[in-house]
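The block underneath contains the structure these notes are about, expressed in structure tokens.
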Amino acid sequence: MTFFELFQQSLPLLLDGLGLTLVLAFVSLAIAMVIGIIASLMGMSKHIVPRTINNVFVTIIRGTPLLVQGFFIYFGITGLLNVRISAFMAGVIALSLNAGGYLSEIFRGGIQAVDPGQREAARSLGLSARQTTWRIIIPQAIRICIPSVVNQWCITIKDTSIISVIGLVELTKVGQQIIARTYRSFEVWLIVGAMYLIVIYLLTVLARYVEKKVSLDD
Amino acid sequence: MTNASTGTLKVEIRGLHKRFGDNEVLKGIDCDIQTGEVVCVIGPSGSGKSTFLRCINCLEEPTAGTIKVDGNVMDAEAKNIDELREDVGMVFQQFNLFPHLSVMENITLAPVLRKRMSEDEAKRVGMDLLTRVGLADKADARPNSLSGGQKQRVAIARALAMRPGLMLFDEPTSALDPEMVGEVLDVMRQLAEEGMTMVCVTHEMGFARQVADRVLFIDQGVIAEEGSPDEVFGNPQNPRTQNFLNKVLEA
């Protein structure tokens, strides 16, 4: 079998796997953004309780490997509570909590990076705290955050491959299955790697365009 | 002073103390400012003069004492603090223009958000103000494309758009290249001539001498000396004032 024949035969399966990878990443990241926003707001709260919850959450997410987090959710918690959830559900939970933890730190950093003079200027004009946050702070924080957020998106897209171990047949798992049949390790991993690379590349091109579009330096 | 209400009390400050941790920056300041008066605040750096200014619109919350503007107590925790601040314009050393908004949006944001003007009216007022500060052609520009002097003139226009009765200037020319100081002082001078009540923390002794009705010399957290520019600059009584002026005017 030539490389081209192998490629032709494998492509439909690999595209199915890529599809699941993208769905898994997209759903997880959408939830992770919400978790990240809520957690970052908790982290900046005046009150100690939400701040502590955020602190514990981020410490656990940062301090343990994603693989362990996935196992813990899929086998640990389900075993303890004696419930069954699908591998996809477990994957989404693990990835969204993981990315959510990192995103909350990115958002908090972005908001705190806005010059304090901006808030002072807005308040001195009579804007309320809420108007200042939404009209002045958030729009600037988003611009500051974009590169780091896109970075986290790239990481999470690739981290879906780690989640394959709990039995999700996404791109990496499909690659393993094809190799088990064909023994063409070099070629298959080359193709799988290229597929991840293309997705990430397209995302970064888009991100660079958006970043330029909203840039404040002109 | 041409202002009709000249002579009424605009700002009333009693027993103002401000402490940051162990550091007592303001140690009891009493001061009245009349409507239409131009007060320049001078003093060595770290003397508390910026803190004094920032207490007037409650950007800093006093540790003790009261501040009244138009008879209303300024209190950062008060429900109506936003409304009270609408009538007190402030200009910062670092300009603090909103970089994500155009020059015109910087000016119209507060009047529209605070429901003082319709969008159209705010734009008209904005254009008038930009014309006044000589920047009508920059309405659509982004702040980051402007020079320091232009930024500060926009910042003054932005503060004036709320039609404040009192303007606070916190070292408005200290971050500027020397050749741009004049254009900002010109705008301030014009404002003073129109009868605006102004409190200016400044290192521009020439400006203070020429424009101020009264000069406050703040040192070590108290008003060490005050009087007309001729009195304070021409015949300072306090040795600390003499010492400070000698150093500044030599430079």
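Note on A:115-121: average number of Cβ atoms from other chains within 10 Å of each residue's Cβ is 6.
Seen from all directions on average, the stretch A:155-218 presents a Cα convex hull projection of 5.4 nm².
For residue B:41, the residues whose amide H sits under 5 Å from its own are B:200, B:201, B:202, B:216, ignoring neighbours fewer than 5 places away on the same chain, with H placed 1.01 Å from N. Across peptide B:97-105, the mean count of Cβ atoms from other chains lying within 10 Å of each residue's own Cβ comes to 4.
The Cα-based radius of gyration and maximum Cα-Cα distance (Dmax) for the protein assembly as shown are 30.3, 101 Å. For the residues of B:153-166, the average number of beta carbons from a partner chain within 10 Å of their own beta carbon is 1.
For the protein assembly as shown, the dipole from Cβ point charges (+1 on Lys and Arg, -1 on Asp and Glu) about the Cα centre works out to 1840 debye, to the nearest 20.
Per residue, the Cα convex hull of the stretch A:1-100 amounts to 132 Å³.
Taking the square roots of 5 times each eigenvalue of the Cα gyration tensor of the stretch B:179-229, largest first, gives ellipsoid semi-axes of 21, 13, 9 Å. Averaged over its residues, the stretch B:1-91 has an accessible area of 42 Å² per residue, based on protein heavy atoms and a 1.4 Å probe.
Rounded to the nearest 10 degrees, the angle from helix B:239-250 to the longest Cα principal axis of chain B is 50 degrees. For the stretch A:3-217, the relative contact order is 29 percent, taking Cα pairs closer than 8 Å that sit 6 or more residues apart in sequence and dividing their mean separation by the residue count.
Protein heavy-atom surface of the stretch A:23-167, 1.4 angstrom probe: 70% of the accessible area is carbon and sulfur, with nucleic acids and ligands not counted.
Placing one identical point scatterer on every Cα of the stretch B:80-176 and ignoring solvent, what is log10 I(q)/I(0) from the Debye formula at q = 0.12, 0.18, 0.24 Å⁻¹? One equal scatterer on each Cα of the stretch B:80-176 leads to -0.33, -0.76, -1.33. For the peptides B:150-162, A:138-150, residues were scored by their other Cβ atoms within 10 Å and the scores averaged per peptide; the highest-first order is B:150-162, A:138-150. Phi-derived couplings, Karplus 6.51 cos²θ - 1.76 cosθ + 1.60 at θ = phi - 60°, listed residue by residue for the stretch A:109-123: x, x, 5, 6, 7, 5, 3, x, x, 5, 5, 4, 4, 5, 5 Hz, with x used for Gly and Pro.
When chains B and A come together, the accessible area they lose, probed at 1.4 Å and totalled over both chains, is close to 2100 Å².
Would you please give the FRET efficiency between residue A:197 and residue A:16, computed as 1/(1 + (r/R0)^6) with r the Cβ-Cβ distance and R0 = 30 Å, to the nearest 0.05? For R0 = 30 Å, the calculated efficiency reads 0.95.
Please give the per residue volume of the convex hull enclosing the alpha carbon atoms of the stretch A:3-217, rounded to a whole number of Å³.
Here the figure is 142 Å³ per residue.
When only DSSP loop residues count, what trypsin sites (Lys or Arg not before Pro) in the stretch A:1-98 have their Cβ near at most 10 other Cβ atoms within 10 Å? Sparse-neighbourhood loop trypsin sites (Lys or Arg not before Pro): A:46, A:84.
With the helix formula -39500 (n - 2.57) applied to DSSP H stretches of n ≥ 4, the protein assembly as shown reaches a computed 222 nm mean residue ellipticity of -18000 deg cm²/dmol. Once the convex hull of all Cα atoms in chain B is built, its volume per residue stands at 131 Å³. The label-point distance for residue B:77 and residue A:80, in a model that sets each label 7 Å from Cα toward Cβ, rounds to 4.2 nm.
The values are calculated or read from the model by the stated rules, or taken from the named source; none is laboratory data. If you're wondering where the values come from, they're calculated on a predicted model, not measured in any experiment. So basically every Cβ, Gly included, is an ideal-geometry build from the backbone, and we count neighbours across all protein chains shown. To get the accessible areas, we keep the full protein, side chains included, count just its heavy atoms, and leave off ligands, DNA and RNA. Shrake-Rupley method; radii C 1.70, N 1.55, O 1.52, S 1.80 Å.
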